[in-house]
Amino acid sequence: MEGILSFLGQIPWWGWVLIFLIIVAIRDIFFNKYHAISHNFPIVGHFRYMLESIGPELRQYIVANNREELPFNRIERSWIYASSKNENNYKGFGTDRDIFRPNYIFINNALIPFKVQKDNPNYKDPYFLPCAKVMGEYNKRRRPYRPASVINVSAMSFGSLSARAVMALNKGCAMSYSYHNTGEGGLSPYHKQGADIVFHIGTGYFGVRDDEGRFDLSKLVKLVEENPVIRAIELKLSQGAKPGKGGVLPANKITKEISEIRHVPMGKDVLSPPNHSAFDDIRGMIDFVEEIAEATGLPVGIKSAVGRLGEWEELARVMKETGKGPDFIAIDGGEGGTGAAPPSFADHVSLPWLFGFAEVYKIFKKYNITNRVVFIGSGKLGLPAAAAMAFSMGADLINVAREAMMSIGCIQAQLCHTNRCPSGVATQNKWLERGINVQDKSVRAHFYFKNFRKELVEMTHACGYEHPCQFTMDDVDLTVGDKNLIKTLAQSFMYHKSTVPFESMKALSECPHLGGNYHQGDAKKEAKAMKKRNLIRY
């Protein structure tokens, strides 16, 4: 034995490397039954798999140019990161975008911009930008709601996002007066950090279901009574990433905490079906909306991706006939999606937001009921120019998901479905999640929303308006290619949006239904407090 140990001790380091490579080569040639490359090219073949595994990172940081990546290119991400850090988000030397590509957005500025007077809330607070409409006003809900911010957090569940990510977003929303949509995973303790809440009800009825998985109205009423921060309820019919497809929450992912939040049993797979069990058709859905609104007193809306238009036509017709229906409608673009989805669904099922929203809005305009509904846009609209276009088409609010994730550290690794999100945002891995400093990230989220609103307000003033709701379909052009070259939105989609009733920004600031506990002057005080506590770099 001593002789063997002595012999092994005399082997140099490169000898051990050679022995290791010989063992790998023997394994590849004689025992590898599943990988042809490493079998045919032992040792060397492993480098191919290694490079393939880090291919996205290589393309993101080395190969791809600033405008090349999808879903968000480097310039778009850089604007979000700079805005969330409250750093300089300007650029120099002009645009480097291909301004002649199809669907490029041009905002038509006015010859004489809008002048902000001293009595305008934006004179002291450039971030003030609430919704021009009140949710639930037409249907006379007992607790109508005017969102204090036109940009808010879209539906993302605790479970899809980590606990710290949810907390950071909610705290950021509270500071910026935005609302936070819970997603279909139920209302968790991490959603209760001070922001207004839109409670999201999916097909699994998580958080408001009985032991059989059916909707339980009494549980919803109790939840609303115990949590006055819930200001509206959203019923999900479908989502952009995978409309018409349900999902399964495996038993091994159901922790005691998730079990209590979602009201699901431990040790059993939980099904989120593709359709609702509480209703079967359009009239049934409207009755369900009215039942929830009557029981809770809150505005109730629906969220859906857009595909077949006949059912939207029926919805608008029945709403016109009955005077009932959802108080708000969130249109989700087929290009969206923060969670897992089959590529066939994510790539091909449902229309992109630009086309889907236009078709739905035209239907509601046909029945002259657009001003009964607050329209919400969701689908890569988290940049000011895209938001201006959305308002021009008839949107009243913008919901953002991936952009909000980026504001708290998401790097677009596209590993949301693997539980290996390197930034700790879309994972339940406790080690990865610990990388999120909730206080720091909440401040970043808060600045993203505020700086977004500030830039949108400035674009609005440049076009001669006081509020983005005043944008018209003639205020935005799109390049369309061929010999048409460029067209206004009205020419491209063949409709004009309805005029939104709007008095002034001052009147909005005095609205009794304004959410978010908004008070003028808080924005600057909060920013100074954050700087003093060294929670963010300036």
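Here the Karplus relation 6.51 cos²θ - 1.76 cosθ + 1.60, evaluated at θ = phi - 60°, turns the backbone of segment 382-389 into coupling constants of x, 10, x, 5, 5, 5, 4, 4 Hz, with x for every Gly and Pro. Computed from Cα positions, the angle between helix 353-366 and the longest principal axis of the chain comes to roughly 20 degrees. Other residues within the sphere of radius under 9 Å centred on the Cβ of T203, judged by their own Cβ, net out at 0 (K and R +1, D and E -1). Remark: the S218-D474 segment gains 87.4 nm on full extension, using 0.36 nm per residue and subtracting the alpha carbon distance.
What does the charge count near D119 come to, summing +1 for each Lys or Arg and -1 for each Asp or Glu among other residues with Cβ under 14 Å from its Cβ? Don't skip to the answer; put the middle values down first.
Details: positive: K115, K118, K124, K506; negative: D125, E466, E503, E510.
Overall, the nearby charge balance is 0.
With charges only on Cβ, +1 for K and R and -1 for D and E, what is the dipole size of the chain about its Cα centre, in debye, rounded to 20? Mind showing how you got there, number by number?
Details: 66 positive and 55 negative charges, 249 e Å.
Dipole about the Cα centre, nearest 20: 1200 debye.
When P(r) over Cα pairs in 20 Å bins from 0, in percent is computed from the coordinates, the matching label among (i) 19, 50, 28, 3; (ii) 20, 52, 20, 6, 1; (iii) 16, 31, 24, 17, 10, 2, 0 is (ii).
Sequentially through segment 14-29, phi angles give Karplus couplings (6.51, -1.76, 1.60; θ = phi - 60°) of 5, x, 5, 4, 4, 4, 4, 5, 5, 5, 4, 5, 4, 4, 4, 7 Hz, Gly and Pro residues having no value and appearing as x. For a straight C-alpha distance cut-off of 13 angstrom, the aspartates and glutamates reachable from K441 (same-chain residues fewer than eight places away being disregarded) are E433.
Compared with the dominant Cα axis of the chain, that is its longest principal axis, helix 74-84 is turned about 70°. Think of each Lys and Arg Cβ as +1 and each Asp and Glu Cβ as -1; about the Cα centre, that makes the dipole of segment 320-438 roughly 120 debye.
Set the Förster distance to 22 Å, then compute FRET efficiency between M50 and R434 from the Cβ-Cβ distance, nearest 0.05.
Details: r = 27 Å, r/R0 = 1.24.
My answer for the efficiency is 0.20.
Placing a label point 7 Å from the Cα of T322 along the Cα-to-Cβ line, the residues of segment 264-307 whose backbone N sits under 13 Å from it are 279-294.
Of all DSSP beta bridges located in the chain, what percent are antiparallel, nearest 5? Can you show the working numbers first?
Details: 12 of 43 bridges.
Beta bridges within the chain, antiparallel portion: roughly 30 percent.
None of the figures in this text is laboratory data; all of them are computed from the coordinates on show. This structure is a prediction, so every number in the text was calculated from the model and none was measured. FYI the Cβ positions are ideal-geometry reconstructions off the backbone, even for glycines, and counts take in every protein chain you see.
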